[in-house]
Amino acid sequence: METQGKISYLTVLKQTNIRRLLISSVINRFGDCVDAIAFTWLVYQITGSATWTAVIFAMNQLPGVVLLPFAGAWVESRNKKKIIVYTDFIRGLIIAGFVCLFFLGKANPYLMILFTVLITTVESINQPAESAFVRELVCREYYPTVQSLRMVAGQMATIMSTASAGVIIAKLGVNVAMLIDVATFYICGFIILFIQYQQREFDDESINEQSYMTKLAEGLKYIKRKKMVIYLCVVAVAYNFFLSPYNCLLTPHIIDFYKRDADFQSFCLSWNWTAAIVGSLIVAKVAKKYRFKIVNAISGVFIGAALVLFAIGGSVGVGRLSPFVFALTSMVLIGTFGSITSGVLNIEFATNVEQDYVARVSSVFNAFACASMPIGSGIVSLFTLKFNSLQIIEFSGIACGMFFGGLLVLAYIEKNKEKNYATSITREYQIMQKENGVNSGAVG
């Protein structure tokens, strides 16, 4: 078997299953991005209210937070491929139903909430199944490279969909954009259907006999005793929390402080996505060469600095180019280090979680990550009553830098302790060998 150092992108792309998985990822991301843009326009078109938009966004997150931990335990012992295919088809059917109601003029905010909850509920089953499916499909040695490729493919699909979504909505209408999303679900479902897959047996055969509640309880106990998994959850929550002001206030900040319009925002985001592709390409090498905790902490510090740069960039009057320099620098840093963090986090998760627990643990992990977004958004909305976007984003950047700076210090302390321990063990071994040599010489 090839070692990790010899595994290239070309090597993994020669495998039919992995090619199908990557194609499915691209189509899925394309559809999700088109849907996200189209649905945002649709919400405002139907409601005409920013308040309804916020409510529907919150309802889009809430079911996942509640259901994901339970869905993971249910998925664990079932055929992951079938679950992915069924949930893709069901999501397509739900969105098609909503488009029909919209076309007939029956759509209203309450129906939008209902359909949002239904979609998120199905996604709560799909997510842990997909996480476990990829782990079962891809061997351990190939996983970092495959994860890197999936991220690159996803970023490229994001760029393509964002660039085309506006044209689709403007020329063909928002209902056609939603139907394109429906089509992507069915295409992805059929691609997954043709992936060669055999459901694996549990390493621990007793898990097959466990009840649903026992599996759920055992999954939570497993997380509790795995310190690295807890660390990963904390890190994911921290990143989403510190980036909440940036995500919520990006447009208002560009308008109020950079004095620019949507074209400038699109220009900035295009640099962000391009940098994310670069970050995705080097994820596998970074994960192989450096410790996760150090990579994660350094990335957090740079993202914190990027948030501060973005915050103050619009108010720095040092020539006409200075806002562009500040904004683009911050976008490149966020795109690059955010992508690296996401990649190494997923690789570390796959490395530290035993296969028998992947669905359960990934569902809890995703629930924590999802919960931090609406909480962060809620806190940001409260802060906007007293502070402006510059102050809020700048504060979040400073807090992010300090938090991950502290983690960086702890990571280096841990590294030095391990190094000193290894050195002391080596010295003791050398002394013992030397003493044994002297004694054997005396006996001789």
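Within the range 153-188, which residues are open to solvent by less than 20 Å² (accessible area, probe 1.4 Å) and touching a Ser or Thr at 6+ places or on another chain (Cβ under 8 Å)?
Ala153, Gly154, Ala157, Cys188 - these are the residues of the range 153-188 that are open to solvent by less than 20 Å² (accessible area, probe 1.4 Å) and touching a Ser or Thr at 6+ places or on another chain (Cβ under 8 Å).
Got at least one residue in the range 384-401 being at pLDDT below 75 and either under 26 Å from the mean Cα position of the chain (by Cα) or loosely packed, with under 14 Cβ neighbours inside 10 Å (or both)?
Scanning the range 384-401 turns up no residue that is at pLDDT below 75 and either under 26 Å from the mean Cα position of the chain (by Cα) or loosely packed, with under 14 Cβ neighbours inside 10 Å (or both).
Here are some conditions: (1) open to solvent by 40 Å² or more (accessible area, probe 1.4 Å); (2) of a type in the set (A, V, I, L, M); (3) at pLDDT below 90. Ile90 meets all but one. Which one does it not meet?
(3)
Being assigned to a loop (DSSP other than H, G, I, E, B), crowded, with 21+ Cβ neighbours inside 10 Å and not β-branched (Val, Ile, Thr), is that true of even one residue in the range 117-131?
Filtering the range 117-131 for residues assigned to a loop (DSSP other than H, G, I, E, B) gives none.
Within the range 117-131 (the criterion being assigned to a loop (DSSP other than H, G, I, E, B), crowded, with 21+ Cβ neighbours inside 10 Å and not β-branched (Val, Ile, Thr)), the answer is no, since none of the residues qualifies.
If Phe202 meets every condition in (1) outside any helix (DSSP H, G or I); (2) at pLDDT 75 or above apart from one, which number is that one?
Condition not satisfied by Phe202: (2).
Select, from Val85, Val75, Val99, the only residue that is more than 17 Å from Glu136 (Cβ to Cβ) and either at pLDDT below 85 or open to solvent by less than 20 Å² (accessible area, probe 1.4 Å) (or both). Walk me through how you get there before you give the answer.
Details: Val85 fails: more than 17 Å from Glu136 (Cβ to Cβ); Val75 fails: more than 17 Å from Glu136 (Cβ to Cβ).
Step by step, each of Val85, Val75, Val99 is checked, and only Val99 is more than 17 Å from Glu136 (Cβ to Cβ) and either at pLDDT below 85 or open to solvent by less than 20 Å² (accessible area, probe 1.4 Å) (or both).
Residue check: is Phe302 touching a Cys at 6+ places or on another chain (Cβ under 6 Å), assigned by the TED database to the domain that holds Val409 and assigned to a helix (DSSP H, G or I)? Step through it out loud before you land on a result.
Numbers: touching a Cys at 6+ places or on another chain (Cβ under 6 Å): no; assigned by the TED database to the domain that holds Val409: yes; assigned to a helix (DSSP H, G or I): yes.
Judged against the criteria, Phe302 is not a match.
The values are calculated or read from the model by the stated rules, or taken from the named source; none is laboratory data. Values in this document were obtained by computation on a predicted structure and should not be read as measured data. Neighbour counts are summed over all protein chains in view; Cβ atoms, including those assigned to glycine, are modelled from backbone coordinates with ideal geometry. Ligands, DNA and RNA are excluded from the accessible area calculation, which covers all protein heavy atoms including side chains. Shrake-Rupley method; radii C 1.70, N 1.55, O 1.52, S 1.80 Å.
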